[in-house]
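The structure appears below as structure tokens.
The values are calculated or read from the model by the stated rules, or taken from the named source; none is laboratory data. Computed from a predicted model, the values in this text were never measured in an experiment. Neighbour counts run over all protein chains shown; Cβ positions are idealised from the backbone, glycine included.
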Amino acid sequence: MIATALVVNLRYVIYSAVLAPHFEHLPRRWRVLLSYVTVDGMFALFAGRYRPDDGNRHNHWYFLGGSLVMWCAWQLSSGIGIFAGAMIPAEWSLEFASTLALIALLIPLLFDRAVTWGAVAAGGVALIAARLPLNLGLLAAIAVGVAAGLAVARIGPRNGVGRV
Amino acid sequence: MAAESWLVWALIAGMALVAFFTRAIFILPGSHLRLPPTAERVLRYAPAAAIMAIIVPDLALAHGALSISIENPRLVGGLVAFALAAATRSILATIVGGMLALTLVRQFAG
């Protein structure tokens, strides 16, 4: 379970590397706070709006404001889920909505051929290796997916070799 | 139950630490620490691979067995969701459409 958490949070390592130059002039407590509130949606908004070299030294307020709105929505919906979730009939399969949300998040990530083929390879391996214990199937799928992505990027036309 | 509750809390704490430190790893040092190019190339493919590896078994496995059939509600719902996500880029449309497809297949195939 910890390994799963590590894997689904790996993308935040990338976000962290992208955000670091924006926030390096801030005091440590600010950097702890901004690390804690980082989520996908706010990262996407922020990265689309600011560049590290644009000299804006107040953009952390934009990041914090948006993040706090998302933080409140997150805590509120989690609370509703914990206290009212049991009232929703199990046969509605509401948990399937989380898989559907992942599908919606996945599509914008498939920005080039290599990433797409890497993901397809990972999906295939995850299916074959689903019976492995300790979520090792997931880790194997990601390892093969990354290898497949690197291989496609190497052999394919250079349409997908830009930076993230 | 009581014997296991410490384990639940330990798992929650562990996952919270993982969630925090993956975010803080470059923001917190604050210096000019940068990813080596190899790590950057690996991380480029990891997120999409990870999400796909979570999605596919949930759609195509039913009780641990492969189920590729128009009567598998999760598979049909998932495929509808993929099409909607690609066409609309809307999370809400994806979830609503996928749930509708799941329910319809359940009604008529179940």
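Number of residues in the range A:21-55 that are away from chain B (no Cβ under 13 Å) and of a type in the set (K, R): the value is 2. Among the residues of the range A:89-105, is any modelled with pLDDT of 90 or more and over 18 Å from B:T94 (Cβ atoms)? Within the range A:89-105, none of the residues are modelled with pLDDT of 90 or more and over 18 Å from B:T94 (Cβ atoms).
Okay, residues lined up against (1) at negative phi; (2) more than 13 Å from chain B (Cβ to nearest Cβ); (3) not in a helix (DSSP H, G or I):
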| site | (1), (2), (3) |
| --- | --- |
| A:R57 | yes, yes, yes |
| A:S78 | yes, no, no |
| A:G85 | yes, yes, no |
| A:A141 | yes, no, no |
| A:V146 | yes, no, no |
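May I ask you to verify whether A:V18 is more than 7 Å from chain B (Cβ to nearest Cβ) and farther than 24 Å from A:C72 by Cβ? When the stated conditions are applied, A:V18 passes them.
Determine which member of the set A:A114, A:A126, A:A121, A:A130 is in a loop (DSSP other than H, G, I, E, B), surrounded by 15 or more Cβ atoms within 10 Å (Cβ to Cβ) and at the interface with chain B (Cβ under 8 Å from one of its Cβ atoms). Lay out the reasoning, then the answer.
Details: A:A114 fails: in a loop (DSSP other than H, G, I, E, B); A:A126 fails: in a loop (DSSP other than H, G, I, E, B); A:A121 fails: in a loop (DSSP other than H, G, I, E, B).
When all the criteria are applied, what remains is A:A130.
Only residues that are part of a loop (DSSP other than H, G, I, E, B) and under 27 Å from A:V146 (Cβ atoms): list them for the range A:4-53, please.
Taking the range A:4-53 first, the residues part of a loop (DSSP other than H, G, I, E, B) are A:9, A:24-27, A:38-39, A:50-51.
Those that are part of a loop (DSSP other than H, G, I, E, B) and under 27 Å from A:V146 (Cβ atoms): A:N9, A:T38, A:V39.
Taking the criterion of being more than 8 Å from chain B (Cβ to nearest Cβ) and among the hydrophobic types (A, V, I, L, M, F, W, C), the only residue of the range A:95-111 that qualifies is A:F111.
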